[in-house]
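Scroll down for the structure; my scribbles are underneath it.
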Amino acid sequence: MKSVLWKTKNRGKVKNGAVHFLHEHLYSEDFNQPVLFRTSAQRGRDTPIRCSLCNHVRHDGLWKLPEFVSVQIFLSQPVPVIYGICPSCLDLLEDA
Ligand SMILES: [Zn+2]
(Lines give C-alpha, C1' and ligand atoms only; values in the text may rest on other atoms or scores of the structure.)
Protein backbone atom coordinates (compact mmCIF):
# COMPACT_ATOMS: atom_id res chain seq x y z
CA MET A 1 0.00 0.00 0.00
CA LYS A 2 1.20 3.47 -0.76
CA SER A 3 0.95 6.72 1.11
CA VAL A 4 -0.74 9.12 -1.24
CA LEU A 5 -0.91 12.89 -1.02
CA TRP A 6 -3.81 14.55 -2.78
CA LYS A 7 -4.45 18.21 -3.30
CA THR A 8 -8.12 19.13 -3.11
CA LYS A 9 -9.25 21.80 -5.48
CA ASN A 10 -12.29 23.03 -7.30
CA ARG A 11 -14.75 22.13 -4.60
CA GLY A 12 -18.14 23.68 -4.61
CA LYS A 13 -21.77 22.94 -4.07
CA VAL A 14 -23.77 21.51 -6.86
CA LYS A 15 -27.52 21.14 -6.94
CA ASN A 16 -29.45 19.24 -4.27
CA GLY A 17 -26.93 20.16 -1.56
CA ALA A 18 -24.23 17.81 -2.88
CA VAL A 19 -20.58 18.90 -2.78
CA HIS A 20 -18.27 18.26 -5.69
CA PHE A 21 -14.61 17.54 -4.91
CA LEU A 22 -11.85 17.24 -7.45
CA HIS A 23 -8.52 15.82 -6.29
CA GLU A 24 -5.15 16.12 -7.96
CA HIS A 25 -2.59 13.40 -7.28
CA LEU A 26 0.64 14.98 -6.05
CA TYR A 27 2.75 11.91 -5.22
CA SER A 28 2.76 8.39 -3.79
CA GLU A 29 5.34 6.56 -1.75
CA ASP A 30 5.45 3.11 -0.19
CA PHE A 31 4.74 2.68 3.49
CA ASN A 32 7.53 0.93 5.39
CA GLN A 33 5.06 -1.76 6.49
CA PRO A 34 1.68 -2.91 5.19
CA VAL A 35 -1.25 -0.65 6.12
CA LEU A 36 -4.48 -2.63 5.87
CA PHE A 37 -8.11 -1.83 6.66
CA ARG A 38 -11.33 -3.79 6.46
CA THR A 39 -14.91 -2.68 6.95
CA SER A 40 -16.02 -3.64 10.44
CA ALA A 41 -19.01 -5.94 10.75
CA GLN A 42 -19.88 -4.18 14.00
CA ARG A 43 -20.38 -0.52 14.80
CA GLY A 44 -19.42 -0.03 18.43
CA ARG A 45 -18.36 2.93 20.50
CA ASP A 46 -14.71 1.86 20.20
CA THR A 47 -14.76 0.96 16.51
CA PRO A 48 -12.14 3.06 14.70
CA ILE A 49 -13.54 5.55 12.18
CA ARG A 50 -11.66 6.09 8.93
CA CYS A 51 -12.18 9.44 7.22
CA SER A 52 -13.54 8.89 3.73
CA LEU A 53 -11.68 11.92 2.41
CA CYS A 54 -8.23 12.03 4.04
CA ASN A 55 -7.89 8.48 5.46
CA HIS A 56 -7.02 9.61 9.00
CA VAL A 57 -8.34 7.18 11.61
CA ARG A 58 -10.10 8.09 14.86
CA HIS A 59 -8.86 5.78 17.58
CA ASP A 60 -9.15 6.34 21.34
CA GLY A 61 -10.87 9.66 20.67
CA LEU A 62 -8.10 11.14 18.52
CA TRP A 63 -7.64 11.39 14.74
CA LYS A 64 -4.34 9.76 13.84
CA LEU A 65 -2.34 8.93 10.72
CA PRO A 66 -3.53 5.66 9.16
CA GLU A 67 -0.06 4.13 9.17
CA PHE A 68 0.33 4.86 12.91
CA VAL A 69 -2.95 3.15 13.80
CA SER A 70 -2.26 0.20 11.51
CA VAL A 71 1.33 -0.47 12.52
CA GLN A 72 1.62 0.78 16.10
CA ILE A 73 -1.82 -0.15 17.46
CA PHE A 74 -2.99 -3.07 15.29
CA LEU A 75 0.52 -4.46 14.60
CA SER A 76 -0.02 -4.49 10.80
CA GLN A 77 -3.15 -6.64 11.06
CA PRO A 78 -6.16 -5.35 9.09
CA VAL A 79 -7.84 -2.56 11.09
CA PRO A 80 -11.64 -2.97 11.39
CA VAL A 81 -13.12 0.44 10.59
CA ILE A 82 -16.33 2.20 9.85
CA TYR A 83 -16.31 5.23 7.58
CA GLY A 84 -17.07 8.82 8.38
CA ILE A 85 -15.70 12.34 7.98
CA CYS A 86 -13.04 13.86 10.28
CA PRO A 87 -13.54 17.41 11.66
CA SER A 88 -10.95 18.93 9.28
CA CYS A 89 -12.66 17.50 6.22
CA LEU A 90 -16.06 18.44 7.64
CA ASP A 91 -14.84 22.05 7.80
CA LEU A 92 -13.92 21.82 4.10
CA LEU A 93 -17.39 20.55 3.33
CA GLU A 94 -19.06 23.30 5.33
CA ASP A 95 -16.92 25.97 3.63
CA ALA A 96 -17.77 24.71 0.15
ZN1 LIG B 1 -10.52 13.80 6.88
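Okay, here's what the table says:
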read-out	value
Segment 39-96: number of residues that are crowded, with 16+ Cβ neighbours inside 10 Å and charged (D, E, K, R)	4
Count of residues meeting criterion [modelled with pLDDT of 95 or more and within 9 Å of the ligand (Cβ to nearest atom)] in segment 57-85	1
Residue 53 under 17 Å from residue 90 (Cβ atoms) and in a loop (DSSP other than H, G, I, E, B)	yes
Odd one out for residue 7 among (1) at pLDDT below 90; (2) in contact with a Cys (Cβ under 8 Å, 6 or more places away or on another chain)	(2)
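The values are calculated or read from the model by the stated rules, or taken from the named source; none is laboratory data. In this text the structure is predicted, and so the values were computed from the model without any measurement. Counting neighbours? That spans all protein chains shown, and the Cβs are built from the backbone with ideal geometry, glycine included.
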